[in-house]
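What follows is one structure encoded as structure tokens, with my remarks underneath.
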Amino acid sequence: NLDYEDAILLLKQSVHLLEEKGGLLIGVDLKKDPNILHSAYNDHEGITADFNLHVLENINQELKANFNLNNFSHYAFYNPYFGRIEMHLISKISQEIKVADQVFNFKAGESIHTENSYKYSQEDFEFLAKESGFKIAKKWSDPQEFFALYYLTCE
């Protein structure tokens, strides 16, 4: 869930930690039809919405905030420019929230951007891995090529 520069940085740090003695097994969510992504992140059961709203529950517990989860709705969409799903929580009403003795005002319709989930083409990820100093030792994918699993070794 990192942008390109941060993903390269993380992979470069992994190369440094491995010191040519091991490998890295990493799963990659591949780019696919945006309608499939939309359905997955806006599931009818509301599992992803509950997961997203759980962020506010954690803030309530950890930072003594007063978010009312019923006053927010889950919103996720695929941003093709960045190649990522963006998850947001949308304020249903104008409200004032207190978090750790600080007050935040939300207007109805205002968004809290909670998460990004980047998707890669196999070519993009393989380039990213090589730019970071890895060699692709093995690659697996499902028949639809929705996901890939890579075993990377140090070059």
Counting only residues that are more than 30 Å from Gly23 (Cα to Cα), among the aromatic types (Phe, Trp, Tyr) and open to solvent by less than 40 Å² (accessible area, probe 1.4 Å), the stretch 95-135 contains a total of 1
All but one of (1) more than 14 Å from the chain's Cα centre (by Cα); (2) acidic (Asp, Glu); (3) closer than 20 Å to Lys119 by Cβ; (4) part of a helix (DSSP H, G or I) hold for Glu62, so report the exception by its number.
(3)
Test Ile26 against the criterion of being open to solvent by 40 Å² or more (accessible area, probe 1.4 Å), part of a strand (DSSP E or B) and under 30 Å from Lys138 (Cα atoms), and give yes or no.
yes
Mind checking whether some residue in the stretch 122-139 is of a type in the set (A, V, I, L, M, F, W, C) and touching a Gly at 6+ places or on another chain (Cβ under 8 Å)?
yes
Checking Lys64, Lys31, Lys92 in turn, the sole residue that is touching a Ser or Thr at 6+ places or on another chain (Cβ under 8 Å), surrounded by fewer than 16 Cβ atoms within 10 Å (Cβ to Cβ) and either modelled with pLDDT under 95 or among the basic types (Lys, Arg) (or both) turns out to be Lys92
Which of the following residues is in a loop (DSSP other than H, G, I, E, B) and in contact (Cβ under 8 Å) with a residue 60 or more places away in the chain: Glu145, Glu115?
Glu145
Looking at the stretch 136-152 only, could you name the residues that are surrounded by fewer than 17 Cβ atoms within 10 Å (Cβ to Cβ) and under 17 Å from Glu20 (Cα atoms)?
Ile136, Ala137, Lys138, Tyr151
Name the residue, out of Ser73, Ser14, that is more than 23 Å from Asp142 (Cβ to Cβ), touching a Lys or Arg at 6+ places or on another chain (Cβ under 8 Å) and of a type in the set (Ser, Thr, Tyr).
Ser73
If we scan the stretch 71-84, do we find a residue that is open to solvent by 40 Å² or more (accessible area, probe 1.4 Å) and touching a Pro at 6+ places or on another chain (Cβ under 8 Å)?
yes
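The values are calculated or read from the model by the stated rules, or taken from the named source; none is laboratory data. Remember, predicted model here, so these are calculated numbers, not experimental data. Quick reminder, even Gly has a Cβ in these numbers, built from the backbone with ideal geometry, and neighbours come from all protein chains shown. Only protein heavy atoms, including side chains, enter the accessible area calculation; ligands, DNA and RNA are left aside. Shrake-Rupley method; radii C 1.70, N 1.55, O 1.52, S 1.80 Å.
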